[in-house]
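Right, one structure below, let's go through it.
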Amino acid sequence: MALSYFVCTNCGYWQQRYAAPESCLVCLDVRHVPPENGWEFLTPGEIDGRVESRWEEVEEGIWRFTVEPTLGIGPVGYVIVRPEGNVAFEGADWYSDAALDHIESLGGVRYVAPSHPHAQGALWRLQERFGAEGAVQREDLVWVSTLSVGLPFDDRQELLPGLTLHHVGGHFDGQSMLHHEAAGQLFVGDALKVELEEDGKTAYALSCHKAFVRRIPLTHAEVAGYRKVYEALDFDGVFTTFEQGKNVGRAEVLKLLDYLLQTKPTMEPMPL
Ligand SMILES: [Zn+2]
Ligand SMILES: [Zn+2]
């Protein structure tokens, strides 16, 4: 029996198995919900026939990769282009050969890192093609099925000059953010939810959650953990696992977190 890759169409989590799995551990976790009519898993050949990769340079040197139509929860994969090498933070559900060719034209990828398990996507495709090293916070290693992890880390891990991973926990125990100092951007994973205006990148409200689908807010200790990490970083824009918040900087995030520390746990969006 040959080992193969299978993706869950309900959440986008990839597993390595000998045959299609019976269930998906990410769907069964408290942060998600199982599919109403049973699981469906696709092989690489099947997903390649069902979705198309899309990519766009959203800020100078920051490329966003998605698939069309959306599969599962639809995480965005970012490729950050730097002179010392490129970093893929968060994984799209799939990268077609054409997407990989485009990434090669940008200089390939030196490191891959998901903020948390919902965002691992098909980062394994980038490792297979470019031999990129995987960086995962140690608390989230239990969720890794398809990535090879040469760089497990604790609280903080510099990948390249000015590109540093910071452990923040909360939504998942090992959740981490990537700070891009030169661009003043923070890739926050699911440690923030941004409500967007029609232009698709201007935020009008912010919230935080433990489990978005199940409507579970963070505890006060988790919010305090976020605050400690956010307040030490300089940024005036964010990229979550799903969207860009061009007008969301440190002041806006700290205002939300300070409010959450004073009120009953909630995931109601706070207007900016
Ligand atoms: Zn799943
Ligand atoms: Zn998530």
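The values are calculated or read from the model by the stated rules, or taken from the named source; none is laboratory data. Note that the structure is predicted; figures quoted are calculated from it, not measured. For neighbour counting, all protein chains shown are included, and Cβ atoms are generated from backbone atoms with ideal geometry for every residue, glycine included.
Annotations
- Per the listing Gly200, Gly169, Gly184, the residue uniquely at pLDDT below 95, at positive phi and surrounded by fewer than 22 Cβ atoms within 10 Å (Cβ to Cβ) is Gly200.
- Candidates in the stretch 106-126 are the residues that are assigned to a loop (DSSP other than H, G, I, E, B) and within 16 Å of ligand 2 (Cβ to nearest atom); of these, the one that is nearest to Leu178 (Cα to Cα) is Ser115.
- The stretch 181-215, residues that are more than 17 Å from the chain's Cα centre (by Cα) and within 12 Å of ligand 2 (Cβ to nearest atom): Arg214
- One residue alone among Val7, Val30, Val26 is surrounded by 16 or more Cβ atoms within 10 Å (Cβ to Cβ) and either touching an Asp or Glu at 6+ places or on another chain (Cβ under 8 Å) or over 13 Å from Gly72 (Cβ atoms) (or both), and that residue is Val7.
- Cβ pairs under 6 Å, 6+ apart, first in the stretch 1-27 and free of Cβ contacts under 8 Å to residues at least 24 places away in the same chain, second away from ligand 1 (no atom under 12 Å from the Cβ) and outside any loop (DSSP other than H, G, I, E, B): Leu3/Gln16
- In the set Val136, Val188, Val112, only one residue is in contact with a Gly (Cβ under 6 Å, 6 or more places away or on another chain), closer than 26 Å to Gly245 by Cβ and not basic (Lys, Arg); that residue is Val112.
- Hits in the stretch 67-83 - residues which are more than 16 Å from ligand 2 (Cβ to nearest atom) and buried (at least 22 other Cβ atoms within 10 Å of the Cβ): Val67, Val79, Ile80
- Test for Leu106: is it of a type in the set (A, V, I, L, M, F, W, C), at pLDDT 95 or above and more than 20 Å from the chain's Cα centre (by Cα): yes
- Among (1) free of Cβ contacts under 8 Å to residues at least 60 places away in the same chain; (2) over 18 Å from Met270 (Cβ atoms); (3) more than 16 Å from ligand 2 (Cβ to nearest atom) - the single one Glu139 does not satisfy: (3)
- Among the conditions (1) of a type in the set (A, V, I, L, M, F, W, C); (2) more than 16 Å from ligand 2 (Cβ to nearest atom); (3) touching a residue at least 40 places away in the same chain (Cβ under 8 Å), the only one that Phe41 does not satisfy is (3).
- Taken across the stretch 28-36, residues that are of a type outside the set (S, T, N, Q), farther than 30 Å from His180 by Cβ and touching a Phe, Trp or Tyr at 6+ places or on another chain (Cβ under 8 Å) do not occur at all.
- Only one of the numbered conditions (1) more than 16 Å from ligand 2 (Cβ to nearest atom); (2) of a type in the set (Lys, Arg); (3) under 19 Å from the mean Cα position of the chain (by Cα) is not met by Arg17, and that is (3).
- Hey, Arg129 in a helix (DSSP H, G or I), farther than 20 Å from Val26 by Cβ and among the charged types (D, E, K, R) or not: yes
- Taking the stretch 11-23 as the range and being within 19 Å of Val213 (Cβ to Cβ) and either among the hydrophobic types (A, V, I, L, M, F, W, C) or surrounded by fewer than 22 Cβ atoms within 10 Å (Cβ to Cβ) (or both) as the test, the residues that pass are Cys11, Ser23.
- Scanning the stretch 33-57 for residues that are surrounded by 16 or more Cβ atoms within 10 Å (Cβ to Cβ) and closer than 18 Å to Gly107 by Cα yields a single hit, Trp55.
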